[in-house]
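The values are calculated or read from the model by the stated rules, or taken from the named source; none is laboratory data. Quantities reported herein were computed from a predicted structural model and do not represent experimental measurements. Note: ideal-geometry Cβ built from the backbone for every residue, glycine included; neighbour counts use all protein chains shown. Accessible surface is based on the protein model in full, side chains and every heavy atom, while ligands, DNA and RNA are left aside. Shrake-Rupley method; radii C 1.70, N 1.55, O 1.52, S 1.80 Å.
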Amino acid sequence: MKSLDRNQLTAWRGASVLPPLVLYGAGDLGKLALHVLRLAGVEVTAFCDASALKQGNSYREIPIIAPTVLANFARDSRIIVSNNYISTVLPLLNELGFTDIYDCTSLFEGADFSDAELDVHSLEIQRKIAWHQRECAKHLAGHDQLILKYIDLVITEACSMKCVDCSNLMQYYENPQHSDLGQLFASVDCIMSAVDWIDELRVLGGEPFINKNLAAILEKIKSYKNFGHIIVYTNGTITPQSTTLKALQDSRVTVNITNYGKLSRRLPEMVTALEAAGVAHLVKIPSWTDSGRINFRHRSAEQLDTMFANCCVNDILTLLNGKLYRCPFSANATNLGAVPPNSVDMVNVCGDASRDQVRKDLMKLYLRDSHLQACAYCNGRDYSTPKIEAAIQVMRPLKVPPPCNTAV
């Protein structure tokens, strides 16, 4: 895979006849790439995307095709990888016989999106570009460096809503607890000393603003130097206090508010408070998939491996109660006792292991490509998982199903 520089764009713009140009990825990165290419006068033939929900549609009059359709394209077609699933996409393209493959790292350098008509929030544009640059750098560097995309820091199991289909399984907690502050700080110390870089530290729960220690937690994690950004996820039900607002006043911090309509009862107050304090924030309308229930399903090891490979959250490491898990479902399902604890599916970051041993264990967990024990209890979370109505409330916590001893 090569970087697409401006000289290449000039050559493409000046050529009279060229092979097809395909953007592999029709998500936000693909939209950003199309904008830059059109500004440079370069025409795109098609998007390619693995999501069945996108296939057959179009964006800015560019058709979105499936990988099976791309397989029929001439092998000298130019492919620009405009997503962050480098480790999945490149083997597929190589297997299909494509060789003229580019990433977007140089394409985005100095790009102007100020006048772009995009449904990508301005606060997220540079974050998404940085993710892509990191994923490409990680691919080129191999596995010598431990660079993580993001880590979810679960600071509370408590939530001000009780959504029956919460993908983080908050609907199952009967007696939710805040994370022990000493254990949390020791765990984060351990992680940050073991990794080279983390793109994002994501502070969430539950509802993080329920935890009265949020300001102290933010001040703690802001003290590290080897991360890019902090995102605080909230449902718009609690207005932050003055001490929390002060802790949020940092160029590396963004508050990501999910707008659940009437359920987000403090949303206007929260936005007003954040704006007055100069805190970067964005408001999003949720889009949920049917992936928030714990149900054991009999699948073969091969089926589970495929499910894991296609999962859109299999790179979200989750810190919960002194242990680092590969995904939020695995973390909470294990914490709830619905999935038997499995030492190979987690790393104890609050124990006596040395920094080198923790680094080795984290590397092994992060680079793992086989399924987790929790996958057998999950409905899956890829682009084919059905969409559902968000935030349907339940009166009482759901009953946690007992673990199954026949999991693959």
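How big is the shadow of the Cα convex hull of the range 1-158, averaged over all directions, in nm²?
About 11.5 nm², averaged over all directions.
Measure nothing but the geometry: give the 0 to 90° angle between the long axis through the Cα atoms of 122-141 and the longest principal axis through the Cα atoms of the chain, rounded to 10°.
The angle comes out at about 80 degrees.
Could you work out the local net charge near Tyr377, counting Lys and Arg as +1, Asp and Glu as -1, over the other residues with Cβ closer than 13 Å to its Cβ?
Local charge sum for Tyr377: +3.
Identify the trypsin sites (Lys or Arg not before Pro) of the range 154-238 meeting these criteria: DSSP loop state and at most 14 other C-beta atoms within 10 Å of the C-beta.
Within the range 154-238, the qualifying trypsin sites (Lys or Arg not before Pro) (loop, at most 14 other Cβ atoms within 10 Å) are Lys212, Lys225.
As a test, work out the antiparallel percent of DSSP beta bridges whose residues both lie in the chain, rounded to the nearest 5.
25
Under the rule that an exposed site lies in a DSSP loop and has at most 15 other Cβ atoms within 10 Å, name the longest stretch of the chain with no GluC sites (Glu not before Pro) of that kind, not counting the sites themselves.
It works out to 175-388.
Could you tell me which residue out of Leu118, Cys190, Leu398 lies farthest along the dipole of the chain toward its positive end? Charges go on the beta carbon: Lys and Arg +1, Asp and Glu -1, centred on the Cα centre.
Result: Leu398.
In bins 5 Å wide, starting from 0, what share of all Cα pairs of the range 82-235 does each bin hold, as a percent?
Calculated over all Cα pairs of the range 82-235, the distribution is 2, 7, 14, 15, 15, 15, 14, 10, 5, 3, 1, 0 percent.
With just the Cα atoms defining each centre, how far is the range 76-93 from the range 324-343? Give it in Å.
Taking the Cα centre of the range 324-343 as reference, the centre of the range 76-93 is 32 Å away.
With every protein chain left in place, what is the accessible area per residue of the range 1-149 in square angstrom, probe 1.4 Å?
47
Considering only DSSP states other than H, G, I, E and B, which trypsin sites (Lys or Arg not before Pro) in the range 341-398 qualify as loop sites with at most 16 other Cβ atoms within 10 Å?
When the trypsin sites (Lys or Arg not before Pro) of the range 341-398 are filtered for loop state and at most 16 Cβ neighbours within 10 Å, Arg368 remain.
Once you charge only the Cβ atoms, +1 for Lys and Arg and -1 for Asp and Glu, what is the size of the charge dipole of the chain about its Cα centre, to the nearest 20 debye?
So the magnitude is around 580 debye.
Net charge around Asn321, counting only other residues with Cβ within less than 15 Å of its Cβ (Lys, Arg = +1; Asp, Glu = -1)?
-3
Based on the Cα coordinates of the chain, what is the per residue volume of their convex hull in Å³?
Taking the convex hull of the Cα positions in the chain, it is 146 Å³ per residue.
Using bins 10 angstrom wide from zero, how does P(r) for the range 182-317 break down, in % of all Cα pairs?
So the P(r) values, bin by bin, are 10, 35, 29, 20, 5, 0.
Would you work out which of Leu146, Tyr377, Phe209 lies farthest towards the positive end of the dipole of the chain? Charges go on Cβ: Lys and Arg +1, Asp and Glu -1.
Result: Phe209, furthest along the dipole toward the positive end.
Rounding to the nearest 10 and keeping the result within 0 to 90°, find how far the Cα-based axis of helix 181-194 lies from the longest principal axis of the chain.
30
With just the Cα atoms defining each centre, how far is the range 221-239 from the range 116-171? Give it in Å.
12
Trypsin sites (Lys or Arg not before Pro), restricted to the range 1-98: which are DSSP loop and have at most 12 other Cβ atoms within 10 Å?
Qualifying residues, ordered by number: Arg60, Arg75.
Please tell me the relative contact order of the chain in percent, rounded to the nearest whole number, where contacts are Cα pairs under 8 Å and at least six residues apart.
Across the chain, relative contact order equals 16 percent.
Just for the range 89-248, what percent of DSSP beta bridges are antiparallel, to the closest 5?
That works out to approximately 10 percent antiparallel.
Using helices alone, what [θ] at 222 nm do you get for the chain, with -39,500 (n - 2.57) per DSSP H run of 4 or more residues, divided over all residues and rounded to the nearest 500?
Computed mean residue ellipticity for the chain: -9500 deg cm²/dmol.
Semi-axes of the equivalent ellipsoid for the range 317-392, please: Cα gyration tensor eigenvalues, times 5, square-rooted, ordered largest first, whole Å.
The three semi-axes for the range 317-392 are 26, 14, 11 Å.
What does the charge add up to near Pro63, with Lys and Arg as +1, Asp and Glu as -1, over the other residues with Cβ less than 14 Å from its Cβ?
Neighbourhood net charge equals -1.
Tally up the carbon and sulfur contribution to the accessible surface of the chain as a whole percent, 1.4 Å probe, everything protein left in place.
So the carbon and sulfur contribution to the accessible surface is 50 percent.
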